[in-house]
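Below you will find the structure I want to go over with you.
Values quoted throughout were computed directly from the atomic coordinates according to the rules given, and no laboratory measurement underlies them. What you are looking at is a predicted structure, and each value in this text was computed from that prediction instead of being measured. We place every Cβ from the backbone using ideal geometry, glycine too, and count neighbours over all the protein chains shown.
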C-alpha cells in the first residue's frame, strides 16, 4: 500500500507539472523524501544522479539533513542551461542556521556569471548567471520552496515563502562550474533539511508564475508524502503535530511523529487521555515555541525561559524562570485531580504548585535539606506530606480520587498518603515554581522537565509507563 501511495503521489506531481508547462524545465531533479533509504532519495526524477560527498542523515518524511560540512554534486554544470533561460530551486523541510553565510544550491567560481541561493544573517541572495546579483533583506526561516529563475537578459526573479521578487540584474556568460546542493560549489555549506531540488531552464514564459507553480506542486507532493507517513495516525496526534511544526517553523522527523502518535494512542487506550486537561510535551519539538504548544488544554505562559534553556530532551529550569500553566487549581474537583511532571535531571525546587500556604493546594517540591525528599500536598492542608529518597530522573506525581488520601509516585517508588482534602485553592498551577501570595513567585526549580500534566485523577503507574516510553523514543529519534 505504501509503495502504491508513493507512486500515486509522484504521478500526481509529474502530471501537475506537465499541466503547468514546467515539467520539461526540470532538467536535473531529485525528490529527496518519501523513500526507504538515502540511496532512494538520491535517485533522480530527471537528469543525472548527484554524487554524495558526506551526507548521511536521511529521514524519509522530511528529506536529507545538511551538516554544514558536506554537499551533493548535482553533476550538472552551471553553463549547461542557456544564459537567459535558467532556474534553481530547493524545498526546505527545515531552514538552515543563519550565524554565517550558508547556501542551499549553486556554484561559486568567479564574481560574475555564477548562480546560487544563499543567506547571511540578514539577507537572502538570489543569483542566476548574475552581474551584480540581487538580495532581499530577509531574516525569516520559513519552510517550503526557495528558487530563482530568469528568462531575459535584464531581469531575474526570486521566490521564498510565497513571496516573489523581481530585480533588474543583467546576466553574464555563465561560468562552467558544477552546481552543488547544500553548498555553493565547495563553500558556504548548509545545515538545512532539503526534500527536493531542481535545476534547469526557465519555468515557462513567466518565471514568477513558473516559480509559484513549482512551489504549489512540490508543496502538494510533500504533503502527500507526509500523509503516507502519517497513515493511521490518531486525529489528535496529527492536530498537535501540525501545531508544533507551525510553531517550530520546520517539519518533525518521522520517528518523532511516530513517538508522539504512540503516546497519544497509548494514553487513550489506557483511559488516561480524558484525565489530562492541561499537558505539554517539553521534549520532542525542535524549539521552545514548539515545546510550549499544549498537547491538551491551554498553552502555558513562559516567564524568563529563553531558547538556550531548551533542548529536544527537556526544558531546563534555571532557578528563576517558570511557566504559568493557565489552568486554575480548582478547575478540577477537590477529590478528583492529579499533578505530574517527568524530570530528566533532578534539581531543588518546586515542580508544580498552585500556592505554598493555603488549604486545598497542589504542591510537588523536591528539596535536599536536610535530606533529599519530596514534599507533596494534594488539595490538602499546608501540612507537608513527605516522601524520602525522591531525587533522580522519572515521574513525580500525585493523584487524588477520594477525600481521605492521595496516591503518589516518584522514580524511587509509589504509595498512598493519608491526608484529608480541603476546599480547592483557586490559583493557577505553576510549573517550575510556586506562588506564595498570588503575586510573588518563589522556589523556582533547577530541574529539567520533559513533560507535565494537570487534570483529574488517573493511574500514575500507567502514566509513568507511557511517558517513560515516549522520553526513550525521543532520545533515540533525535
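What is the diffusion coefficient of the chain in µm²/s, taking the Kirkwood radius over Cα pairs and the Stokes-Einstein relation at 4 °C with a viscosity of 1.567 mPa s? Mind dumping the intermediate values first?
Values: Rh = 24.4 Å.
Using the Kirkwood radius from Cα pairs, D works out to 53 µm²/s.
Next question, about the same structure. Apply the a/c threshold of 1.5 to the C-alpha gyration tensor of the stretch 79-221 and tell me whether it is rounded, prolate or oblate. Each step should come with its number before you reach the end.
On the way: a/c = 1.45, a/b = 1.13, b/c = 1.28.
Judged from the Cα gyration tensor, the stretch 79-221 comes out rounded (a/c under 1.5).
Classify the stretch 383-478 from the C-alpha gyration tensor, please: rounded if a/c falls under 1.5, else prolate or oblate depending on whether a/b exceeds b/c. Show your work: numbers first, answer last.
Details: a/c = 1.83, a/b = 1.28, b/c = 1.43.
Oblate.
Largest first and to the nearest Å, give the Cα extent of the stretch 155-227 along each principal axis.
Cα spread of the stretch 155-227 along its principal axes, largest to smallest: 43, 31, 19 Å.
Would you mind getting the Kirkwood hydrodynamic radius of the stretch 235-477 from its Cα pairs, rounded to one decimal in Å? Spell out each step's value before the answer.
Numbers: mean 1/r = 0.0575 Å⁻¹.
Computed over Cα pairs of the stretch 235-477, the Kirkwood hydrodynamic radius comes out at 17.4 Å.
Please list 44-50, 155-161, 116-122, 248-254 highest first by mean number of surrounding beta-carbon atoms within 10 Å per residue. Working shown, then result.
Details: 44-50: 16.9, 155-161: 24.1, 116-122: 19.7, 248-254: 21.4.
For the peptides 44-50, 155-161, 116-122, 248-254, the packing ranking is 155-161, 248-254, 116-122, 44-50.
Where both residues lie in the stretch 235-477, what percent of DSSP beta bridges are antiparallel, nearest 5? Let's see the in-between values first.
On the way: 59 of 60 bridges.
Of all bridge pairs located within the stretch 235-477, approximately 100 percent are antiparallel.
Hey, another quick one. Helix 254-269 against the longest principal axis of the chain: what's the angle in degrees, Cα atoms only, rounded to the nearest 10?
30 degrees
How high is the relative contact order of the chain, in percent, with contacts defined as C-alpha pairs under 8 Å that are six or more residues apart? Kindly include the intermediate steps, with their values, before the conclusion.
Working: 1315 pairs, mean separation 64.8, N = 478.
Reported relative contact order: 14 percent.
Does the stretch 19-109 come out rounded, prolate or oblate by the C-alpha gyration tensor, with a ≥ b ≥ c the root eigenvalues, rounded set by a/c under 1.5 and, if not, prolate when a/b is larger than b/c and oblate if not?
Details: a/c = 1.65, a/b = 1.21, b/c = 1.36.
It comes out oblate by the Cα gyration axes.
Another one. By average Cβ neighbour count within 10 Å, what is the ranking of 15-26, 445-456 from highest down?
On the way: 15-26: 17.6, 445-456: 24.6.
Per-residue Cβ counts within 10 Å, averaged per peptide and sorted highest first, yield 445-456, 15-26.
Enter the Cα centre distance for the pair the stretch 20-68 and the stretch 134-209, rounded to the nearest angstrom.
With the stretch 20-68 and the stretch 134-209 each reduced to a Cα centre, they are spaced 17 Å.
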